[in-house]
Amino acid sequence: MIKILVVDDSHAPREVICDTLKQFNIQVAEATNGVEAIEVLKAEKFNLVITDVVMPEMNGYELCRWIKENPSTKKVPVIFCSTKNQDFDIHWAQKQGGDAYIVKEEFIKDRMQLLKTIKYLLKQVK
């Protein structure tokens, strides 16, 4: 079974993402910031991480760098899902090691976009 960690300090978007994933029999864990996510990642293995960018304590960019620098998680794909939609934001996410970037407004309009991105990234890891 696919296991994904969803990291977002805002309850509503986190819940929408988690509910969407659960509809496709994907096992989901949640964290509200990067610090909490690291604790979860140290305790469990995940196939993929979906993270917001702007969060308290540790933002999504810092979390992504930690994931990509840690030997036990460096191959875990990271999808940024954020309201930030400028070219710079997307470019910066890639520079931090992000594997994909989805704007939350686009996700709300087309939830299949996230699922297609997950499927694509998981194929790349195998």
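The values are calculated or read from the model by the stated rules, or taken from the named source; none is laboratory data. Here the structure is a predicted model, which means the values were calculated and not measured. Cβ placement follows ideal geometry from the backbone for every residue including glycine, while neighbour counts extend to all protein chains displayed.
Quick check: is even one residue across segment 20-42 in contact (Cβ under 8 Å) with a residue 60 or more places away in the chain and more than 17 Å from L121 (Cα to Cα)?
yes
Here is a list: T117, T73, T51, T83. Which entry is hydroxyl-bearing (S, T, Y), surrounded by 12 or more Cβ atoms within 10 Å (Cβ to Cβ) and over 17 Å from I4 (Cβ atoms)?
T83
Only residues that are outside any loop (DSSP other than H, G, I, E, B) and of a type outside the set (A, V, I, L, M): list them for segment 71-86, please.
Going through segment 71-86, the residues outside any loop (DSSP other than H, G, I, E, B) turn out to be 78-82.
Listed by number, the residues that qualify are F80, C81, S82.
Are any residues in segment 1-28 assigned to a strand (DSSP E or B) and of a type in the set (D, E, K, R), and if so, which ones?
Of everything in segment 1-28, just one residue is assigned to a strand (DSSP E or B) and of a type in the set (D, E, K, R), namely K3.
Could you count how many residues in segment 68-105 are among the basic types (K, R) and within 16 Å of L41 (Cβ to Cβ)?
3
Answer with yes or no whether M58 is more than 20 Å from M1 (Cα to Cα), surrounded by fewer than 20 Cβ atoms within 10 Å (Cβ to Cβ) and of a type outside the set (D, E, K, R).
yes
Quick check on segment 87-99. Is at least one of its residues among the aliphatic types (A, V, I, L, M) and touching a Phe, Trp or Tyr at 6+ places or on another chain (Cβ under 8 Å)? Talk me through it step by step, then tell me what you get.
So in segment 87-99, the residues among the aliphatic types (A, V, I, L, M) come out as 90, 93.
Of the ones still in play, those that are also touching a Phe, Trp or Tyr at 6+ places or on another chain (Cβ under 8 Å) are 90, 93.
Looking through segment 87-99, at least one residue is among the aliphatic types (A, V, I, L, M) and touching a Phe, Trp or Tyr at 6+ places or on another chain (Cβ under 8 Å).
How many residues are touching a Ser or Thr at 6+ places or on another chain (Cβ under 9 Å) and surrounded by fewer than 17 Cβ atoms within 10 Å (Cβ to Cβ) if we restrict to segment 11-48?
So the answer is 3.
Exactly one of these conditions fails for A93: (1) surrounded by fewer than 17 Cβ atoms within 10 Å (Cβ to Cβ); (2) of a type outside the set (K, R); (3) modelled with pLDDT under 95. Give me its number.
Against the list (1) surrounded by fewer than 17 Cβ atoms within 10 Å (Cβ to Cβ); (2) of a type outside the set (K, R); (3) modelled with pLDDT under 95, A93 comes up short only on (1).
Inside segment 97-126, can you point out the residues that are touching a strand residue (DSSP E or B) at 6+ places or on another chain (Cβ under 7 Å), free of Cβ contacts under 8 Å to residues at least 40 places away in the same chain and within 27 Å of P71 (Cα to Cα)?
G97, G98, D99, A100, Y101, I102, T117
So which residues in segment 29-39 are charged (D, E, K, R) and in a helix (DSSP H, G or I), if there are any at all?
Scanning segment 29-39 gives E36, E39.
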